[in-house]
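Take a look at the structure below.
The values are calculated or read from the model by the stated rules, or taken from the named source; none is laboratory data. Please read these numbers as outputs of a predicted model, since none were measured by experiment. Here the Cβ positions follow ideal geometry from the backbone for every residue, glycine too, while neighbour counts run over all protein chains shown. Accessible surface is based on the protein model in full, side chains and every heavy atom, while ligands, DNA and RNA are left aside. Shrake-Rupley method; radii C 1.70, N 1.55, O 1.52, S 1.80 Å.
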Amino acid sequence: MATPDFIRNLRATAGHQLLLLPGVTALVFDDEGRVLLNRRSDSGRWSVIGGIPEPGEQPAACAVRETYEETGVRCVAERVVLVQALDPVTYDNGDTCQYMDITFRCRAVGGEALVNDDESLEVGWFAVDRLPELNEHGLFRIKQALSDAPTWFDPTGTG
C-alpha cells in the first residue's frame, strides 16, 4: 500500500514509534444488497474497502474517495456504522500504527467495479450470504451495517 506523504514526513522525525492514525472503512452496497469487496495486493486476501484520510479531509469524504480510487465505484456515505480503536499493527519495516476506525455504510451510485489502482488484485460484488473468506474485522462491520442498530462503539474499552 502506498504510504501517504504526510505519514512519510511524520516518520522522518517519529521513527518507528506508535502513531495513532485515523482510518476509514467503506461498506458499499448496491441496489441488489450486495457488498463491494477487494482482494488486497499486500495480503492476497478479500477485504472491505478502507484507507486513511488526508489532512483536513472529512471521514465520509475519505470513504467516498477511497472507494472510487480502489474500485472505480462511485458511492455516497449514508451513516456511521461503528467507531473503534483497532489493535496496534507493526509493519514489516518496523513502523507501528494504531488506527481509530470510523466505518460508514455507503450506497453505490455509479461507476463500474474494477481494479482501479495497485492496492487491489480483484474487485467484486458479493451477496452477503455468499461472501469469500473475510477476517473478523470485515465480517463484524458488514453485520453491523446490515443491522438497524445505532452506531456501535465499545463503552467499556475492552473490544
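Assorted remarks:
- Residue list for the stretch 8-27, restricted to those being open to solvent by less than 30 Å² (accessible area, probe 1.4 Å) and assigned to a strand (DSSP E or B): LEU19, LEU21, GLY23, VAL24, THR25, ALA26, LEU27
- The stretch 1-50, residues that are of a type in the set (Ser, Thr, Tyr) and touching a residue at least 24 places away in the same chain (Cβ under 8 Å): THR25, SER41, SER47
- Among (1) of a type in the set (Val, Ile, Thr); (2) closer than 27 Å to ALA149 by Cα; (3) open to solvent by less than 20 Å² (accessible area, probe 1.4 Å) - the single one THR71 does not satisfy: (2)
- Subset tally (residues that are in a loop (DSSP other than H, G, I, E, B) and either aliphatic (A, V, I, L, M) or open to solvent by 40 Å² or more (accessible area, probe 1.4 Å) (or both)) for the stretch 89-116: 8
- Selection of the stretch 83-107 for residues being over 12 Å from the mean Cα position of the chain (by Cα) and more than 30 Å from GLY15 (Cβ to Cβ) yields only ARG107.
- With respect to (1) at pLDDT 95 or above; (2) open to solvent by 50 Å² or more (accessible area, probe 1.4 Å), the lone exception for PRO53 is condition (2).
- Residue within the stretch 59-66 that is open to solvent by less than 50 Å² (accessible area, probe 1.4 Å), at pLDDT 95 or above, in contact with a Leu (Cβ under 7 Å, 6 or more places away or on another chain) and assigned to a helix (DSSP H, G or I) present: no
- Residues located in the stretch 68-88, provided they are hydrophobic (A, V, I, L, M, F, W, C) and not in a strand (DSSP E or B): LEU86
- Some residue of the stretch 138-146 being in contact with a strand residue (DSSP E or B) (Cβ under 7 Å, 6 or more places away or on another chain) and assigned to a strand (DSSP E or B): no
- Only listed residue being modelled with pLDDT of 95 or more and either among the acidic types (Asp, Glu) or loosely packed, with under 13 Cβ neighbours inside 10 Å (or both), chosen from ASP5, ASP42, ASP30: ASP30
- Failed item, numbered, when VAL128 is tested on (1) at pLDDT 95 or above; (2) assigned to a loop (DSSP other than H, G, I, E, B); (3) of a type in the set (Val, Ile, Thr); (4) farther than 17 Å from ARG34 by Cα: (4)
- Restricting ASP101, ASP87 to those that are on the phi < 0 side of the Ramachandran plot and in contact with a Gly (Cβ under 6 Å, 6 or more places away or on another chain) reduces the list to ASP101.
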